[in-house]
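The values are calculated or read from the model by the stated rules, or taken from the named source; none is laboratory data. None of these values were measured; they are calculated from a predicted model. Cβ: placed from backbone, ideal geometry, glycine included. Neighbour counts: every protein chain shown.
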Amino acid sequence: MLVEFAKNTPQPKIDEIVHLLDNAGCRVRSMHCYGHPVLRAVSGHINGQMRELQANSYIERIVDASTPWELVSRAYHQDDTVVQVGSARVGDRSEGLMMIAGPCSVESEEQILKAAHIVKAHGASILRGGAFKPRTSPYSFQGLEEKGLALLRKAGDTVGLPVVTEVLDAGDVDMVASYADMLQVGSRNMQNFKLLKAVGRSGKPVMLKRGMSAQLSEFLLSAEYILSEGNSDVVLCERGVRTFADYTRNMLDLNIVPLIRDTSHLPIIVDPSHGSGDRKLIEPLCMAALSVGAQGLMVEVHPDPDHSWSDSEQTITEAAFGELMGKLQHLDGWLNAESYTETNS
Ligand code: PEP
Ligand code: MN
């Protein structure tokens, strides 16, 4: 249950309610969402005080989301959230195809600049590139760290694209945020709660990737961590889960896309590169993802994929990216026209 106050409610008026509930044995967490002060019970129940709450003129709504995740639920916020990332608007399908593209890792100035020109030329909205890499082996390339962030920023600015990059450690959030337009929390860190709280306080949009064995509720509760710190600019990203199937790196779980669209207002995008680990599958999976309602895509692209320092097998060439974007723009246009007809008929 969420108790939402009017924007600009004086703090003493909120404190009065906190004390009222506290005296009734209900401890609350005090938060802000979309500029509204919000209280959420953390122990005990507010039901006993309902009449007084409903009569309080500063309280605008009492929302029972009926799900463990509340701030991210559609019950709390009905409209699709649109996350502004520099010039890109994630979650606004009327803007056309939302594609995040770039190499797995930033390797050199020349490589990231070439990649930036490629993805810009073919219509990507956001440039990606990892500078802090979460690698399974300690002997694999770990990323150029802050030098890589500076190169990514420079490449993005050169071609006029906002940039997204992963932050691995809560202690690095401010530093990474000083270079990036959106912070990526990777699959392996989806339940790193200290990191979730830190990105929630960063003031930057966050792309939260689904943990490789995360259930829908765990995924959404991780997003709830970020919103509960006052940051509602969260983009969810499905990137495949672990199953018995051994013929791909991961199993892209497209089931979750319409389920999330139904239960949450946050935009969900799909990453078929990590979701399959196989460049042959990128095109059909991108098409499938858009068709089930994904509000964007993320694809790994490199000027010379075979010599990519990480994730070479799943990375596509400029030619493949150009062809892919042409087909996807066509499909996206058709899907948007269909939903327009549906809502207007
Ligand atoms: C990535 O996008 O660079 C990445 C490492 O992805 P994931 O966290 O999904 O493995
Ligand atoms: Mn990668």
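Out of the residues in the stretch 223-250 meeting the condition of being over 21 Å from residue 280 (Cβ atoms), touching a helix residue (DSSP H, G or I) at 6+ places or on another chain (Cβ under 6 Å) and of a type outside the set (A, V, I, L, M), tell me which one is nearest to ligand 1 (Cβ to nearest atom).
Step by step, filter the stretch 223-250, then rank; the result is 225.
I need the full set of residues from the stretch 257-284 which are surrounded by fewer than 23 Cβ atoms within 10 Å (Cβ to Cβ) and free of Cβ contacts under 8 Å to residues at least 60 places away in the same chain, in order please.
258, 259, 261, 277, 278, 279, 280, 281, 283, 284
Okay, residues lined up against (1) within 12 Å of ligand 1 (Cβ to nearest atom); (2) assigned to a helix (DSSP H, G or I):
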| position | (1), (2) |
| --- | --- |
| 138 | no, no |
| 164 | yes, no |
| 175 | no, yes |
| 184 | yes, no |
| 198 | no, yes |
| 202 | no, no |
| 211 | yes, no |
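Kindly provide the set of residues from the stretch 72-94 that are in a helix (DSSP H, G or I) and either surrounded by fewer than 16 Cβ atoms within 10 Å (Cβ to Cβ) or not assigned by TED's automatic domain parsing to the domain that holds residue 273 (or both), ordered by number.
Passing the criteria: only 94.
Scan the stretch 24-58 residue by residue and report those that are under 30 Å from the mean Cα position of the chain (by Cα), in a strand (DSSP E or B) and not polar (S, T, N, Q).
Taking the stretch 24-58 first, the residues under 30 Å from the mean Cα position of the chain (by Cα) are 28-43.
Now narrow it down to the ones that are in a strand (DSSP E or B): 28-33, 36-43.
If the condition is that a residue be under 30 Å from the mean Cα position of the chain (by Cα), in a strand (DSSP E or B) and not polar (S, T, N, Q), then 28, 29, 31, 32, 33, 36, 37, 38, 39, 40, 41, 42 are the ones that fit.
Do you know which residues across the stretch 5-26 are buried (at least 18 other Cβ atoms within 10 Å of the Cβ) and polar (S, T, N, Q)?
Residue satisfying the conditions is 9 alone.
Looking at 326, 322, 296, which one is assigned by TED's automatic domain parsing to the domain that holds residue 131 and within 16 Å of ligand 1 (Cβ to nearest atom)?
The conditions single out 296.
Could you pull out the residue among 206, 159, 185 that is more than 15 Å from ligand 2 (Cβ to nearest atom), buried (at least 19 other Cβ atoms within 10 Å of the Cβ) and modelled with pLDDT of 95 or more? So that I can check it myself, show each step before the final result.
Details: 159 fails: buried (at least 19 other Cβ atoms within 10 Å of the Cβ); 185 fails: more than 15 Å from ligand 2 (Cβ to nearest atom).
The conditions single out 206.
Can you list residue pairs whose Cβ atoms sit under 6 Å apart, with the first residue in the stretch 56-75 being in contact (Cβ under 8 Å) with a residue 60 or more places away in the chain and the second being surrounded by 18 or more Cβ atoms within 10 Å (Cβ to Cβ) and charged (D, E, K, R)? Count only pairs 6 or more apart in sequence or on different chains.
69/224; 71/224; 72/224
For residue 305, all conditions in the list (1) within 16 Å of the chain's Cα centre (by Cα); (2) buried (at least 19 other Cβ atoms within 10 Å of the Cβ); (3) more than 19 Å from residue 187 (Cα to Cα) hold save one; what is the number of the exception?
Single failed check for residue 305: (1).
Which of the residues spanning the stretch 310-323 are touching a residue at least 60 places away in the same chain (Cβ under 8 Å) and buried (at least 18 other Cβ atoms within 10 Å of the Cβ)?
Matches in the stretch 310-323: 310, 311, 314, 315, 318, 321.
Only one of 127, 149 is outside the structural domain of residue 28 (by TED's automatic domain parsing) and touching a Lys or Arg at 6+ places or on another chain (Cβ under 9 Å); which?
Matching residue, one of 127, 149: 127.
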